[in-house]
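What follows is a single structure, written as structure tokens, with notes after it.
The values are calculated or read from the model by the stated rules, or taken from the named source; none is laboratory data. Predicted model only: the values in this text are computed from it and were never measured. Cβ coordinates were reconstructed from backbone atoms using ideal geometry, including for glycine residues, and neighbour counts include every protein chain displayed. Remember, those area values only see protein heavy atoms, side chains included, never the ligands or the DNA or RNA. Shrake-Rupley method; radii C 1.70, N 1.55, O 1.52, S 1.80 Å.
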Amino acid sequence: MRILGIETSCDETAVALVEDGRLVGERLATQIDVHALFGGVVPEIASREHLRVLPRLFDELMTDTGLTPADLDGVAVARGPGLLGSLLVGLSFSKGLCLATGAPLVGVNHLMAHLLAPGLDGALRFPALGLLVSGGHTHIYLLRSATDFELLGRTLDDAAGEAFDKVAKLLNIAYPGGRFIDMLASEAEPDTALFPRPYVDNDNLDFSFSGLKTAVANHVAAHPEVVLDKMAGAEGLAGISGVRRQELARICASFNWSVAQTLKIKVERALERTQGVCSLIVAGGVAANSAVRRTMAQVADSAGVALTLPSLSLCTDNAAMIAYAGWLLFRAGYRHGLDLEAVPRGRAIPEDWSVCGDKRTMEWK
């Protein structure tokens, strides 16, 4: 079964082809350089860029794989959560393709796809505890199977990835700043008393990183000398040295530690409350962070469960994960009609697939 995946939920335009659970080709265009000037994603610009490059990427993928649209057995598209305008570009393209070829359509929950992405690298083991750590979400799920998820804890305000980007902006580090913070953090030992582990003095599994972001902002305001004179990416940071670099590294290492330890506390709490879990899946853009990967390995080892991490290329938004999740859904008999709607961030995504003529009504949060 050949399934095309289309991803346009934010600022990455991507297409990929999965055949019988195996990735056979993908194309991706990033908008990082476009949005870096603004320190974050501008929705209108993102939509226009998707519209500009998506047809080209699709044609290139067909050429790469030696296939034609008629060879597709199904089309999977990210329906949300994400930027509404961006989602509509991918959804419209997918519907047009299905209308032209007769291929069936299935809408994929972007969050589900992130958690299933490691299945492209190796077998997923269920039941599993899933930690999704991205720019817009920091959620904990119980995964009973590839199509049965239960939300246990969620982001209440700033997600971990959003906190990384905002801290980078405070320091005048270029967008997306998470990888640069992680790079600088590797040069220093964290000061564990510098920043708090936010929203852990409770008994729930929810997350709130706004307090940590505020703590960093207050520290930077009290030490303005650490702020870079102009926005710096890889080249600019390479030219920073001496005491300023040491202090930057200390701040980044301490922030990294606070995020990783907060995740650790909540995941350990979830593992204690969830019986029969055999693996821990960590996914999303922040799953590429070295401190998070190292800390989650320690958590899994202590709990006696297997750790499942995506390869670094599968951590960020990509179409391979959409195609793979779509393949799993098609294999289970799920379909959508051409009336499929995009669902922006902040709204529940209904599991409104057609299954043997019936409708499922359970919702993803």
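Things worth noting here:
- Selected residue (criterion: farthest from ALA291 (Cα to Cα)) from residues of the stretch 185-200 that are of a type in the set (Gly, Ala, Ser) and open to solvent by less than 50 Å² (accessible area, probe 1.4 Å): ALA188
- Verdict on VAL167 being crowded, with 19+ Cβ neighbours inside 10 Å, outside any helix (DSSP H, G or I) and aliphatic (A, V, I, L, M): no
- Meets criteria (crowded, with 17+ Cβ neighbours inside 10 Å, more than 17 Å from the chain's Cα centre (by Cα) and within 29 Å of ALA348 (Cα to Cα)) for GLY25: no
- Scanning the stretch 46-63 for residues that are surrounded by fewer than 19 Cβ atoms within 10 Å (Cβ to Cβ) and acidic (Asp, Glu) yields ASP59, GLU60.
- Single match in ARG269, ARG250 (criterion: modelled with pLDDT of 95 or more, open to solvent by 40 Å² or more (accessible area, probe 1.4 Å) and either farther than 13 Å from VAL167 by Cβ or assigned by the TED database to the domain that holds LYS169 (or both)): ARG250
Results for (1) part of a loop (DSSP other than H, G, I, E, B); (2) open to solvent by less than 10 Å² (accessible area, probe 1.4 Å), shown as yes or no for each residue.
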{"residue": "LEU67", "(1), (2)": "yes, no"}
{"residue": "LYS95", "(1), (2)": "no, no"}
{"residue": "ALA100", "(1), (2)": "no, no"}
{"residue": "HIS114", "(1), (2)": "no, yes"}
{"residue": "ALA123", "(1), (2)": "yes, no"}
{"residue": "LEU129", "(1), (2)": "no, yes"}
{"residue": "PHE149", "(1), (2)": "no, no"}
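- The listed residue being within 22 Å of the chain's Cα centre (by Cα), touching a residue at least 24 places away in the same chain (Cβ under 8 Å) and within 12 Å of ASP11 (Cα to Cα), out of ALA36, ALA76: ALA36
- Qualifying residue in the stretch 72-91 (condition: open to solvent by 40 Å² or more (accessible area, probe 1.4 Å), part of a loop (DSSP other than H, G, I, E, B), within 27 Å of GLY333 (Cα to Cα) and not basic (Lys, Arg)): yes
- Candidates ARG27, ARG56 - the one that is among the basic types (Lys, Arg), in a helix (DSSP H, G or I) and either assigned by the TED database to the domain that holds LEU105 or at negative phi (or both): ARG56
- Selection within the stretch 201-237 - over 28 Å from ASP157 (Cβ atoms) and either in contact with a helix residue (DSSP H, G or I) (Cβ under 9 Å, 6 or more places away or on another chain) or surrounded by fewer than 10 Cβ atoms within 10 Å (Cβ to Cβ) (or both): GLU225, ASP229, LYS230, ALA234, GLU235, LEU237
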